[in-house]
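Q: Provided herewith is a single structure, encoded as structure tokens, for subsequent inquiry.
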Amino acid sequence: MISMNDIITAVNGLIVKKYPDDTVYINLLPQDFDRPSFFIELIDDERVDVNRNTVEVTVDLSVTCYIDVDGHYNSDIESLIERLDSVSDMFTCGYLTVGDRYLAVTAERGDIDFTESYIGVQLNYFDDRPIQSEELPLIEAVKPNFELEE
């Protein structure tokens, strides 16, 4: 089974590979955070029954891109757009490698603000359902009963 932390770690890995000198925050953004940086946030995860052993999982993440600000607390819009495009391009192949799985992924460019830009990332995949099996006693003996018909 794939955990939400596995998915967030995989997204984090893509960002760190492209921007090794930037800070990446996960699910908690401190008040005085470093810039330039990224913020990965789990927005929602939904599980839908497929069959007894399988669920379809949809995970929604948000990736926020921050760059340096000037004295008026504004960022260069062109630089924000470039960073937004660069992060969006990380998901254009259509899948995200998580462990030994390749999860279907789409990225949707979000808003650009004066100090940040947003990308919505959605993953869809099928996963095993954790099955709760009740403990049944083991069979102690088998007594076959065969009747021959003439």
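Computed from the coordinates by the stated procedures, all read-outs in this text should not be read as laboratory data. Remember, it's a predicted structure, so these values are computed and weren't measured experimentally. With ideal geometry, Cβ positions are generated from the backbone for all residues, glycine too; neighbour counts draw on all protein chains shown.
Q: Hey, what's the per residue convex hull volume over the C-alpha atoms of the stretch 1-68, in cubic angstrom?
A: Looking at the stretch 1-68, the number lands at 81 Å³ per residue.
Q: How would you rank LEU80, LEU42, LEU148, LEU96, going from fewest to most other Cβ atoms within 10 Å of each one's own Cβ?
A: LEU148, LEU42, LEU80, LEU96
Q: Shifting gears a bit: Any idea what angle helix 4-18 forms with the longest principal axis of the chain, computed on alpha-carbon atoms, 0 to 90 degrees, nearest 10?
A: Helix 4-18 sits roughly 40 degrees off the main axis of the chain.
Q: Could you please rank LYS143, LYS18, placing first whichever residue has the fewest other Cβ atoms within 10 Å of its Cβ?
A: Placing the least packed residue first, the sequence is LYS143, LYS18.
Q: What's the longest bit of the chain with no exposed chymotrypsin sites (Phe, Trp or Tyr not before Pro), using DSSP loop states and at most 15 other Cβ atoms within 10 Å as the test?
A: 74-113
Q: Still on this structure, I have one more. Three principal axis extents, largest first, for the C-alpha atoms of the chain, in Å?
A: Taking max minus min along each principal axis of the Cα atoms, the chain gives 99, 29, 24 Å.
Q: R0 = 30 Å: FRET efficiency of ASN145 with ARG52, Cβ-based, nearest 0.05?
A: About 0.45, to the nearest 0.05.
Q: Continuing with this model, one more query. Could you please rank CYS65, CYS93, placing first whichever residue has the fewest other Cβ atoms within 10 Å of its Cβ?
A: Fewest-to-most ranking of CYS65, CYS93: CYS93, CYS65.
Q: Pull up all non-local amide H partners of GLY110: gap of 5 or more, or a different chain, and H-to-H distance under 5 Å with H placed in the peptide plane.
A: Close amide H contacts, sequence-distant or interchain: TYR118, ILE119, GLY120.
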